[in-house]
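Quick notes on the structure that follows.
Rule-based calculations on the coordinates, nothing more; no lab input. The structure presented is a predicted model; accordingly, all values stated were derived computationally and were not measured. Here the Cβ positions follow ideal geometry from the backbone for every residue, glycine too, while neighbour counts run over all protein chains shown.
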Amino acid sequence: MYSASGGITLPTSIIGSLPRPSWYTAGLGAQSFLEAMMNLRYREQYEDAVSVYLRAQETAGLDICTDGDAHFDEQISGMSWQSYPLTHMTGFSTSAEPSAYQLASGAPRGHILHDFLEARVLPKITGPVGPGRLQYAAMWKAAQRLTKKPVKFGTILSELLAASVSDEYYKDPVERTWALSEALNSELAELADAGCPVIQLEEPQIHMVPVRGKPFGKLEADDLVRLFNNTVKGLRGKTEVWCHTCWGNPSQQRIFQDIQSYRPMLAALDQVDADAITFETCSSGTGDLPAIGEAIKDKKVVIGVVDHHTLQVERPEQVAALIREALKHVPPERLIVSSDCGMGREGMSRRHATYKMVAMVLGTNIVRKELGLPEAECLAADPRFSLAKAR
């Protein structure tokens, strides 16, 4: 069900997060979203932040927007992506303690990624987990009522959450992972029923198996596919489901020294119950596109055309060239244009992110024009509104 990307050829979007405004100083903490929205200062800052995120996307000309992940607090390495669910679901302790990450070897002291490990001060599981006070539907509504464009809402998946916490309740990490999957599915069903047009499931570990190994030494690729499909059961037909994959983004950093390939796991990725799959194709290059086009035949392919790791703003001609390369392998009616990953994981300014979005739309417009398709309006690039003195 293409409730957002349907009817548009080469639609544009971003993966999710955008850099936090410097004036957005209010924090959610362990409060529920609806509780926090009772506070005058929090509500004003939150709604203003969502508004500027949406306006930046609209003036760039994006077709599908996000709320910029405005509910995340300002944490080292963008840790709120993981800590928000863990501090708002049921079954967790009210206090937090240092927690080892069970999916990565980490980095030594002296490397910026070591701070990512030191920032892992999280609650532990003490009872059966449930959706608790995630309140995703309320967050989506708070954004969707501010724009007529479809708003996509994303969430981290259960295997990364399960790898982040200590556990005093479940006998086995696989049992813990499945319990978290069930809890997320319950929350996402409410989000879909509320009318959210696109739900994005972020970072299933399927493509990571060749480089990281099996999660907990147990979960095979087929297990991870079943886990994903369990998390999204009942959603397709109610909403458009996106499966987001990339190669990591804490503090806008690469987590692998070498460029990784999706090729070994494309057949497994093709088995997920999703309408679209995202691929990191700007910062990791276009080498996997032939294999992606060969493997993914009945889903839309979302390609990243701007790099979330760098402050260098891509030129529209670069974006257009990448799209043309993708079109050699994926037909235009199944291609979506996006960023590689989120741009709000600590290292980028709002201005850089804004101009990356503008470049994305301008580059897509070049290809749309070549194909005889209507171009998106990009107010940010309209010469009539330049403040520079004309020659």
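Does segment 110-160 come out rounded, prolate or oblate by the C-alpha gyration tensor, with a ≥ b ≥ c the root eigenvalues, rounded set by a/c under 1.5 and, if not, prolate when a/b is larger than b/c and oblate if not? It comes out oblate by the Cα gyration axes.
Spatially, segment 250-317 and segment 150-200 are offset by 23 Å when compared through their Cα centroids. Convex hull volume per residue, computed on the Cα atoms of the chain, equals 140 Å³. For a straight C-alpha distance cut-off of 19 angstrom, the lysines reachable from residue 214 (same-chain residues fewer than eight places away being disregarded) are 171. Which residues in segment 120-139 have a backbone N closer than 17 Å to a point placed 7 Å from the Cα of residue 43 along the Cα-to-Cβ line? In segment 120-139, the label zone of residue 43 (backbone N under 17 Å from the point 7 Å along Cα→Cβ) covers 138-139.
Using only Cα atoms and rounding to the nearest 10 degrees, what angle (0 to 90) does helix 221-231 make with the longest principal axis of the chain? Value to nearest ten degrees: 90.
Please give every one of the lysines within straight-line cross-link reach of residue 141, meaning a C-alpha to C-alpha distance under 24 Å, and leave out same-chain neighbours fewer than 8 residues apart. Once the sequence-local lysines are set aside, what remains near residue 141 is 149, 152, 233, 238. Straight-line reach from residue 148: which aspartates and glutamates have a Cα under 12 Å away, not including same-chain ones fewer than 8 places off? List returned: 58, 63.
For segment 252-344, applying the loop criterion from DSSP together with a ceiling of 13 other beta carbons within 10 Å to the trypsin sites (Lys or Arg not before Pro) yields 297, 328. Would you mind classifying segment 241-391 by shape? Square roots of the alpha carbon gyration tensor eigenvalues, ordered a ≥ b ≥ c; an a/c under 1.5 is rounded, otherwise it is prolate if a/b is larger than b/c and oblate if not. It is oblate, given that a/c is not under 1.5 and a/b is not larger than b/c. Checking every one of the chymotrypsin sites (Phe, Trp or Tyr not before Pro) in segment 12-47 against DSSP loop status and a limit of 13 other Cβ atoms within 10 Å picks out 23. For segment 33-381, the Cβ-based charge dipole about the Cα centre amounts to some 360 debye (Lys, Arg positive; Asp, Glu negative; other atoms uncharged).
Taking every DSSP bridge with both residues inside segment 33-381, close to 15 percent are antiparallel. With the contact rule set at Cα under 8 Å and sequence spacing of 6 or more, what percent relative contact order holds for the chain? Rounded, it is 21 percent for the chain.
Among the trypsin sites (Lys or Arg not before Pro) in segment 175-241, those placed in a DSSP loop whose Cβ has at most 12 other Cβ atoms within 10 Å are 218. Between residue 297 and residue 373, the modelled label-to-label distance comes to 2.3 nm, taking each label 7 Å out from Cα in the direction of the beta carbon. Taking Cβ separations below 4.7 Å as the criterion for a possible disulfide partner, the isolated cysteines in the chain are 65, 196, 243, 282, 378. Which of 45, 111, 130 sits farthest toward the positive end of the charge dipole of the chain, with +1 on the Cβ of Lys and Arg and -1 on the Cβ of Asp and Glu? Highest projection toward the positive end goes to 45.
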